[in-house]
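K.L.:
First, the structure itself, so that you have it in front of you.
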Amino acid sequence: LLTQPRCPAAERTGKVLGEFCRCYKEQFGVALFNSVRYEIEGNGGPQAQLLHRKVPLEDHVIYSGNLFHYLEENKKWRNRFCVVPHNYGLVLYENKLAYERDLPPRVLINSAGYKILTSVDQYLELVNSSLPGVTPKLGQTPIFKCPTDFPLILWHPYARHYYFCVMTGKEQEKWRAVFQDCVRHCNNGISEDSKVEAPAFTDAVRMYRQSKEQYGTWDMLCGNETQVLSNLVMEELLPELRNAIGPRLKGKAQERQRTWIQISDAVYRMVYEQTNAQYDAAMAKCEQERPQMESIIRTDMDQIITSKEHLASKIRAFVLPKAEVCVRNHVQPYISSILEALMTPTSQGFAEVREVFFKEVTDMNMNIVNEGGLEKLVEYMEKLSHLAFHPVKMQSCYEKMEQLKLEGLQQRFDVTSTSVFKQRAQIHMRQQMDDAVHTFETLLHQELGKLQGKDDLCKSIQRILERVLKKYDYDSSTVRKKFFREALLQITIPFLLKKLAPTCKGELAKFQELIFEDFASFILVENTYEEVVLQSVMKDIMQAVKEAAVQRKHNLYRDSMVMHNSDPNLHLLGEGIPIDWGDEHSAQPEAEPHGDRRRRAKQVVSVIQDDEGVLPYAVGAEALLQPGSPQPLDLEEPPPDGVEETQKAPAKESHRDAADIPPGASVQHTTPASPKPRADVPPEAKLPHGTSASLGTRASPTPEAKKPSTGLVCHQPSDKETGEEVAVTPTQPPRTTESGEGVQTEF
């Protein structure tokens, strides 16, 4: 089916993308008009009190450590050195030495859309449900055997799965927190900084799904634009493939399951490539027309607004009475219940963020009292400055949000899953923590030159902490109220649209004649209809959130409360050069060689440090050695029983077929390289930075460059594989974008 001249998968992909691109072109004009109108009229909310860090993780590594990886090709387990760079991709190296020498990685994983499982039974349950009617009998060998009791499995409904395991439960919890942070970050792959492309894309996805009678939240709206569209295609394509291919699969149940996973992954990669090309072409066409469209908008802004208001008044007269009845009978009685269900775990999570921040600063202050000195302050501030990106320390905050349950409301309003709300709140928590930390370090850095002695330093830290906490409470209330309003709309609006569709949607075509042809690109009947429906419920939602704030529930502030800026120059300080505590207060007499500095940074910069001071693998490996066996090397620990020993030379690993490389992961094979680190190559060329998934100048994946054949393939990872910006040549201009949310990974 996949190799036929007219491949059904390719035809289905082309059909879906054709319909979507039509929706995108329509929504692009509307989003462009809204953006220009907002720019001219302005409608800013309350000013944030905390500073926002523009590039929070530049030149930093989130985490690095060893874990065992299952190779499906030869059914062996290998000890791998895993690095989580600042773009939150998962990068697996042969060993720590290969990473330090800047050798190409073995595997690169984009975790958008994945679920993290810590139980083989959980995984087998999902696998069994993916291919109905194929269930292994009791006693039969499962898809894979885990040699320890602490697995970590990355499961995706369409792409390939990844199997890892570790030696201890504590290690499993750490890696689980790290993996979840990666998934959370990569899922949020559409940059909110893009004021035109991002809303055009998300509205186009929503309109397309509604045209297929699919309302409500969608779990697979995750990753960058190409990933989301690939998920959109697979949602329709996979059931057809399952019905066509499933009955033809041969062999035992687990073999059929393994084959089906490989087929699904192959189709997903093919869909991804086709989607990427077609979507890029649609975007390029819209960008080409953008200057002319923007010129019309700026010239005829008043006429467009007048025309839209006239259309809205006619639709409102037709729709609003029906919408108000629907809101009164089916939505209004449940708004307070939904809000309370959202407020409790969300506010507990933000309170935990405040508590963790307070505890870390207080502990730092006490340690400075006991140990003293600016050097200790620098040491602690380097750790504190990346507290928001410490997956383990932030886990207690994120776990509060995991308690969110809508119970019967979820079925009533057709909310398939609460994960979209959980992850959104968790991203807000991380952002508020980083804003608080950045504001604290900025104020403290300003005070350092005025302080005399340890006592002054400790008093200043305490005073600044209290100021920052007040600012945090205000910003936290603002962020949470906005989140509650958006979540209530996201739950109720699809429900209302579905309820009103039988009586209203068919009548909308008659309003098309009210739009002037010159303005048809900027005013759509469907969008105006949805705005009217939104207005019918918005008043009740605003009132519910306002009442919660008036009652001071969960420490929410009233809208009328405005916190006067007690630090008028604070935002000017935030525009300065980023603070580097290590470099600014380092007592090092001379600069390190370039290669040594890079190696040191990789070891020191990691956010997570093991409490025991040694890798858990060192303990586990020693326990597994036979009596009289030599002590294992630090760089490569021996695997547990049932795990094949890791080969030392990267070039000795068996070559994998390129067809086995899935989207989001690439297997790298290296030829023997010089053991000397390349000190002459700058760090940015060795470990490229990630590029944001901003929609404005989006870094789209590109096909891998062909290399001369040497028997084994050796190439540097591309942005197609990791979402990172690759060192470029003059013939290949860099493709980067700015994103306030952080860097995102791509396939």
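The values are calculated or read from the model by the stated rules, or taken from the named source; none is laboratory data. In this text, all values refer to a predicted model and were calculated from it rather than measured experimentally. Backbone-built Cβ (ideal geometry, glycine too); neighbour counts: all protein chains shown. Protein only, heavy atoms only, side chains kept; ligands, DNA and RNA dropped before computing areas. Shrake-Rupley method; radii C 1.70, N 1.55, O 1.52, S 1.80 Å.
K.L.:
Please list the non-local residues whose amide H lies under 5 Å from the amide H of residue 107, H modeled 1.01 Å from N, same-chain partners needing a gap of 5 or more.
P.N.:
Counting only residues 5 or more places away or on other chains, the set is 92, 668.
K.L.:
Here is a further query. For the range 325-341, what does the Karplus curve 6.51 cos²θ - 1.76 cosθ + 1.60, with θ = phi - 60°, yield as ³J(HN,Hα) per residue in whole Hz, taken in order and with x for Gly and Pro?
P.N.:
Values per residue, Gly and Pro as x: 5, 5, 5, 5, 8, 10, 10, 3, x, 10, 4, 5, 5, 4, 4, 5, 4 Hz.
K.L.:
To the nearest 10 square angstrom, what accessible area does residue 102 show with a 1.4 Å probe?
P.N.:
Answer for residue 102: close to 10 Å² accessible.
K.L.:
I need the peptides 491-500, 71-80, 428-437, 458-467 ranked by packing, meaning the mean over residues of other C-beta atoms within 10 angstrom, with the highest value on top.
P.N.:
428-437, 491-500, 71-80, 458-467
K.L.:
Then there's this: If you place +1 on the Cβ of every Lys and Arg, -1 on the Cβ of every Asp and Glu, and leave all else neutral, what size is the dipole of the range 424-499 about its Cα centre, to the nearest 20 Debye?
P.N.:
I would put it at about 560 debye.
K.L.:
From the residues 364, 440, 488, which one has its Cα farthest along the dipole of the range 332-574 in the positive direction, the dipole being from +1 and -1 charges on Cβ of Lys/Arg and Asp/Glu about the Cα centre?
P.N.:
Going by the Cα projections, it comes out as 488.
K.L.:
Turning to a different aspect of this structure: How would 531, 517 rank on accessible area, largest to smallest, probe 1.4 Å?
P.N.:
In descending accessible area the options line up as 517, 531.
K.L.:
Short version: ³J(HN,Hα) in whole Hz for each residue of the range 27-32, in order, from phi by Karplus 6.51 cos²θ - 1.76 cosθ + 1.60 (θ = phi - 60°), x for Gly and Pro, what are they?
P.N.:
Values, residue by residue: 6, 4, x, 5, 5, 5 Hz.
K.L.:
Would you work out the charge dipole size for the range 216-370 about its Cα centre, treating the Cβ of every Lys and Arg as +1 and the Cβ of every Asp and Glu as -1, and quote it to the nearest 20 debye?
P.N.:
Once rounded to the nearest 20, the dipole reads 720 debye.
K.L.:
Here's a follow-up. For the range 61-187, with only Lys/Arg (+1) and Asp/Glu (-1) charged at the beta-carbon, what is the dipole magnitude about the Cα centre, in debye rounded to 20?
P.N.:
140
K.L.:
Go through 296-308, 389-401, 221-233 and give me the packing order, highest mean Cβ count within 10 Å leading.
P.N.:
Put in order of decreasing packing, that is 221-233, 389-401, 296-308.
K.L.:
Could I ask something else about it? Give the residue from 431, 334, 461 lying farthest towards the positive end of the charge dipole for the range 332-574; charges sit on Cβ (+1 for Lys and Arg, -1 for Asp and Glu) and the dipole is referred to the Cα centre.
P.N.:
Farthest along the dipole direction, towards plus: 334.
K.L.:
Right, here's the next one. Within 10 Å of each candidate Cβ there may be at most 15 other Cβ atoms; applying that plus a DSSP loop requirement, which trypsin sites (Lys or Arg not before Pro) in the range 207-247 survive?
P.N.:
212
K.L.:
Each residue of the range 122-128 in order: what ³J(HN,Hα) in whole Hz does its phi give by Karplus 6.51 cos²θ - 1.76 cosθ + 1.60, θ = phi - 60°, with x for Gly and Pro?
P.N.:
For the range 122-128, the Karplus curve yields 4, 5, 5, 5, 5, 5, 4 Hz.
K.L.:
Of 295, 119, which has the most accessible area and how do the rest follow, probe 1.4 Å?
P.N.:
I get 295, 119, largest accessible area first.
K.L.:
Could you state the accessible area per residue of the range 283-339 in Å², with a 1.4 Å probe and every protein chain left in place?
P.N.:
Value for the range 283-339: 55 Å² per residue.
K.L.:
Please sort 259-265, 111-117 by packing, taking for each peptide the average over its residues of neighbouring beta carbons within 10 angstrom, highest first.
P.N.:
Peptide ranking by packing, descending: 111-117, 259-265.
K.L.:
Residue 539 to residue 463: extension gain in nm, 0.36 nm per residue of separation minus the Cα-Cα distance?
P.N.:
Here the segment from residue 539 to residue 463 would lengthen by 23.3 nm.
K.L.:
Would you mind checking which residues have amide H under 5 Å from residue 66's amide H? H placed 1.01 Å from N; only 5 or more apart, or other chain.
P.N.:
Sorted by chain and number, the residues that satisfy this are 82.
K.L.:
State in Å² the accessible area per residue of the range 61-187; use a 1.4 Å probe, count heavy atoms of protein chains only, and round to the nearest integer.
P.N.:
Dividing the accessible area of the range 61-187 by its residue count gives 30 Å².
K.L.:
Can I ask one more? Within the range 61-187, what whole-number % of the accessible surface is contributed by carbon and sulfur, with the 1.4 Å probe and all protein chains included in the calculation?
P.N.:
50
K.L.:
Related question: Taking the dipole about the Cα centre of the range 61-187, with the C-beta of Lys and Arg at +1 and of Asp and Glu at -1, give me whichever of 118, 81, 62 is farthest to the positive side.
P.N.:
My answer, from the dipole projection, is 81.
K.L.:
Further question: For residue 332 and residue 47, what is the calculated FRET efficiency with R₀ set at 35 Å and r taken between the beta-carbons, to the nearest 0.05?
P.N.:
0.60
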